[in-house]
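Below: the structure, in structure tokens.
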Amino acid sequence: MRFISLLLAICLLLTGCGAKSGSGNGNGPFKPTLDVTLDIKGQSVVVNVKTNMKISAEDYGAERKEGVGHIHMYLDNGEKIGVKTGSHTFTELPAGKHTVKVSLHNNDHTPYDVTKTYDFTIK
């Protein structure tokens, strides 16, 4: 009986001392940062994304891995574009005002709830 109590105590200690899930800092789940710049060139715009999330084409559509994922972009509330690199170029845009929405997602497409929207004008 003493052996079972000792084994139970060791299990409880190991559970309490294990690696925390989340960002690794003990503050809860991973919340990626998002910084976006737009580079307008003629009838095109390059959307550059900087984030502390690992953008992974290899894991696109796979199961979740904390801190890994991809980007969803929407131009003028259009169809979702899955982006697997740090930038995407929209070409042949008509003159006028446009909006691009950028959001970060897990491998399985569930959102990290980090989204930014930008307005820009093509002359």
**OP:** Exactly one condition in (1) closer than 15 Å to Val36 by Cα; (2) touching a residue at least 40 places away in the same chain (Cβ under 8 Å); (3) within 14 Å of the chain's Cα centre (by Cα) is not met by Lys65; state its number.
**Re:** (1)
Original post:
Quick check: anything in region 106-115 crowded, with 17+ Cβ neighbours inside 10 Å and without any contact (Cβ under 8 Å) to a residue 40 or more places away in the chain?
Top reply: no
Original post:
Looking at (1) touching a Gly at 6+ places or on another chain (Cβ under 7 Å); (2) modelled with pLDDT under 95, can you tell me which one Arg64 breaks?
Top reply: (1)
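The values are calculated or read from the model by the stated rules, or taken from the named source; none is laboratory data. Note that the coordinates shown come from a computational prediction; the quantities given were computed from them, not determined experimentally. Every residue, glycine as well, gets a Cβ built from its backbone with ideal geometry; the counts of neighbours run over all protein chains shown.
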